[in-house]
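These notes concern the structure reproduced below.
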Amino acid sequence: MAPNKRHHPRTGGLGMRNDPAILSDSDLLTWRHWSAPLGWFAALGMLLVAMPHLGSLFAALDPEAREPIYRRDAFVDLLANHLLLVAGASSIAILSGVSAAIMVTRPWGRDFLPLVSQLASIGQTFPPVAVLALAVPWLGFGGLPTVVALVLYGLLPVVRNTLVGIGEVDPATREAARGMGMSPRQVLWQLELPLAAPVILAGIRTSVTVGIATAAIGSTIGAKTLGDPIIAGIINGNTAYILQGAILIGVLALSIDSVFARLLPSRR
Amino acid sequence: MTDQVRIALLNVSKRFGEDTAVDGLSLAIAPGELCVLVGTSGCGKSTTLRMINRLIEHSDGQIHIDGQPIREINEQALRRRIGYAIQSTGLFPHWTVARNIGLVPRLLKWPAERIQKRTRELMQLLGLSETEFAGKYPHQLSGGQAQRVGVARALAADPDILLMDEPFGALDPITRESLQDELLRLQARLHKTIVFVTHDMEEAMKLADRIVVMDGGKVVQQGSPQDLLTAPENAFVESLLGGRDRGLKQAGLIPVRDVMHPTGARRQTTAAAVSADDDLRGALSLMLLHRLSSLTVVDERDRTVGTLGVDDIMHRKNLLPAASAKPANQSSNQSSNQAYNQPASSSDDGDAVEDKAKVEDGAEQTSPSQDRGPRHEE
Ligand SMILES: Nc1ncnc2c1ncn2[C@@H]1O[C@H](COP(=O)(O)OP(=O)(O)OP(=O)(O)O)[C@@H](O)[C@H]1O
Ligand SMILES: [Mg+2]
């Protein structure tokens, strides 16, 4: 999750973009194609089931801990809630980010282009912890301020990549599309969005995976996330708790990321 | 031709901010005419073309299509009835060749079977094998193939009008020439009204019924290729016409068949042979190359049909005005009538007449397979 990655939408599987035939639909449906994500999710499931029974292992890692396994909430519940928060925040970030980028690339919205890209950059540079601190007085404790912080943080990669993706469409192709009599909406849906899709998806991938890691800070203001064991571990000086939270967040992020990795090169 | 006008531009101007790209341009293009706009870079050719399908709105003046001001026609509806082909093709990179060709019919909501049938027809018309190309993506095509697909796409909904902006500009000379021939062949059958932009005068000479020379957003001269060669308006037109090569270029507009002496099939006169379909420029070049003052003329099956001497070229009367933009068609009509009017009765040179008629027939329908192709006149 190197932060510099999100400014380079051409990383990942994007080299394939000029060769749409390289991965056909039938490839997408084979088991082998999905083996990596399946592996990651199997690992995640096994961790969830096995974690409560690994007391002796964590006790060995951190002999001072009074209770080696975090038991205030089931890991499954924490994971489900964590995912829910990220899913909510990402949906909002994707919908608003993609539509904002589309609007400012239309002839009538072009004036707002600098404004929108600046707003998105500010959202990203503003630390999510600060957003939380500022949002709590307005929105109270729990999930809502967490979602707000995640949305702001996740907007930039989506907006930036949508702008880049649409901007990369060959002007001659766009002119031909208009010259053939396509309406502006048809140009958007049949030409610009399909061609920009891989770049947009790469932005969404960055946004979502970063969001999964960042959502843990919601635990500081009472949202139930996989950050709970980490916060509890920091407060109680229990390294085993921190490890359990961190491992689950890491494996979750990798699982979701591997799904995107499989989706990307196949996009036309 | 007729006083009918398909595309009319009346005093049309286009300004981009301070700059005037097109300046008071007037033009009347008749149905079925192939009108070529030529001029140096930046003289407003593409701007003129794009104003016709409203990709660019004109600042002043009026543009009419079939008598209707184009501002009164819905933009998209207007463009769907005007074919548009450009140098960079603008094919959709994520669509197959077949889907690209079917673009406008799909916009017009034709039923799927009709689109498929039409796509097949067009691929055949433009010499693209369906099994080989239908499923390919644009990046898998050569420049010439992509350009064929671009032209097929422009023709898909059978528009009356075709706008072409340097469609063959990016191709090598041989591919370019074969596509030019193809376009002439298509035009002889489809009779579209074509506005064709190029900065290549040779291309203009070869294709045009009428050439419109532009400079600085204005028309400098317009007329048939012959008109221009005979009486260039000024030094600018003359330099576009190739300066001292003018004589050769003029010779390039006259088919050998119009000047040669028809002879019996058995008479072999010289070592070098020129095709009856070739032009006088090619014949002169052959004469220079082989240091001959006369050539044997053969038809497309390599049978001797006549002779051509330097004197025939030099002393030919009314070389210029009569041989208009379409000499091939005119002469072929005459001679085939002649052939039908006097059947085998004339015994002395019946052989020659018969042979000549065959040549002309061959010239009229470049290849017999065309007849099996689809018809596009509604
Ligand atoms: N969208 C535009 N905005 C501003 N100026 C333009 C625009 N389109 C064309 N022009 C200007 O109008 C003039 C004519 O351009 P146009 O494209 O019609 O030239 P052209 O004859 O097609 O040249 P070429 O042979 O290089 O294609 C040029 O000076 C060009 O800079
Ligand atoms: Mg141009």
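Of all beta bridges that DSSP places with both ends in segment B:255-315, some 75 percent have antiparallel geometry.
Computed from backbone phi, the HN-Hα couplings of segment B:190-198 come to 8, 6, 6, 8, 10, 10, 10, 9, 8 Hz, rounded to whole numbers (Karplus: 6.51 cos²θ - 1.76 cosθ + 1.60, θ = phi - 60°; Gly and Pro given as x).
Translational diffusion of segment B:29-103, estimated by Stokes-Einstein from the Kirkwood radius over alpha carbon pairs at 25 °C in a medium of 0.890 mPa s, is 169 µm² per second. Per-residue mean of foreign Cβ neighbours for B:80-86 is 3 (Cβ atoms of other chains, 10 Å radius).
Under 8 Å for C-alpha pairs, at least 6 residues apart: give me the relative contact order for chain A, rounded to a whole percent.
31
As a size descriptor, the averaged projected area of the C-alpha convex hull of segment B:110-266 was calculated at 13.6 nm².
Peptide A:179-189 shows a mean partner chain C-beta count of 6 within 10 Å per residue C-beta.
Ignore the peptide's own chain and count Cβ atoms of other chains within 10 Å of each Cβ in B:92-104; give me the average, rounded.
4
Sorting check: for A:245-256, A:155-166, B:53-64, which peptide has the highest mean count of neighbouring beta carbons within 10 Å, and how do the rest follow?
By packing density, highest mean first, the sequence is A:155-166, A:245-256, B:53-64.
The listed peptides A:196-203, A:93-100, B:238-245, ordered by packing as a protection proxy, come out as A:196-203, A:93-100, B:238-245 (highest mean of other Cβ atoms within 10 Å first).
Each residue of segment A:118-132 is assigned a 3J(HN,Hα), and the resulting list reads 5, 4, 5, 5, 4, x, 6, 6, 5, x, x, 4, 5, 4, 4 Hz, derived from the Karplus form 6.51 cos²θ - 1.76 cosθ + 1.60 (θ = phi - 60°), x at Gly and Pro. Binning the C-alpha pair distances of chain A at 10 Å intervals from 0 yields a P(r) profile of 7, 25, 29, 22, 11, 4, 1, 0 %, listed from the shortest bin outward.
Pairing chain B with chain A buries about 2000 Å² of accessible area. This figure sums both sides and uses a 1.4 Å probe.
Using Stokes-Einstein with the Kirkwood hydrodynamic radius over Cα pairs, what translational diffusion coefficient do you get for segment B:255-315 at 25 °C and a viscosity of 0.890 mPa s, in µm²/s rounded to a whole number? For these conditions, the coefficient is 223 µm²/s.
Placing unit charges on the Cβ atoms only, positive for Lys and Arg and negative for Asp and Glu, gives chain A a dipole magnitude near 520 debye about its Cα centre.
Using R₀ = 45 Å, calculate the FRET efficiency as 1/(1 + (r/R₀)^6) where r is the Cβ-Cβ separation of A:Thr239 and A:His33; round to 0.05. Walk me through the intermediate numbers first.
Details: r = 39 Å, r/R0 = 0.86.
Calculated value: 0.70.
Here the ratio of the Cα radius of gyration of segment A:33-149 to 2.2 N^0.38 Å is 1.55. Segment A:212-262 gives an Rg/Rh value of 1.06, both radii derived from C-alpha positions and Rh following Kirkwood. In terms of packing, defined here as the mean over residues of other Cβ atoms within 10 angstrom, the peptides A:49-60, B:213-224 line up highest first as B:213-224, A:49-60. Listed cross-link partners B:Lys117/B:Lys192; B:Lys45/B:Lys136; B:Lys218/B:Lys249; B:Lys14/B:Lys109; B:Lys109/B:Lys136 are compared with a 27 Å cut-off, the Cα-Cα value being larger for B:Lys45/B:Lys136; B:Lys14/B:Lys109. How far is helix A:239-263 tilted off the main Cα axis of chain A, in degrees rounded to 10, range 0 to 90? The angle comes out at about 20 degrees. Computed log10 I(q)/I(0) for segment A:95-239 at 0.11, 0.12, 0.17 Å⁻¹: -0.52, -0.59, -0.92, from the Debye equation with unit scatterers placed on every C-alpha and solvent omitted. Set against the 2.2 N^0.38 Å expectation for a compact globular protein, segment B:207-296 has a Cα radius of gyration ratio of 1.38.
The values are calculated or read from the model by the stated rules, or taken from the named source; none is laboratory data. Bear in mind the structure is a predicted one, so any value in this text is a computation, not a measurement. FYI the Cβ positions are ideal-geometry reconstructions off the backbone, even for glycines, and counts take in every protein chain you see. Ligands, DNA and RNA are stripped out before the accessible areas are found, and what is left, the full protein with its side chains, is counted by its heavy atoms. Shrake-Rupley method; radii C 1.70, N 1.55, O 1.52, S 1.80 Å.
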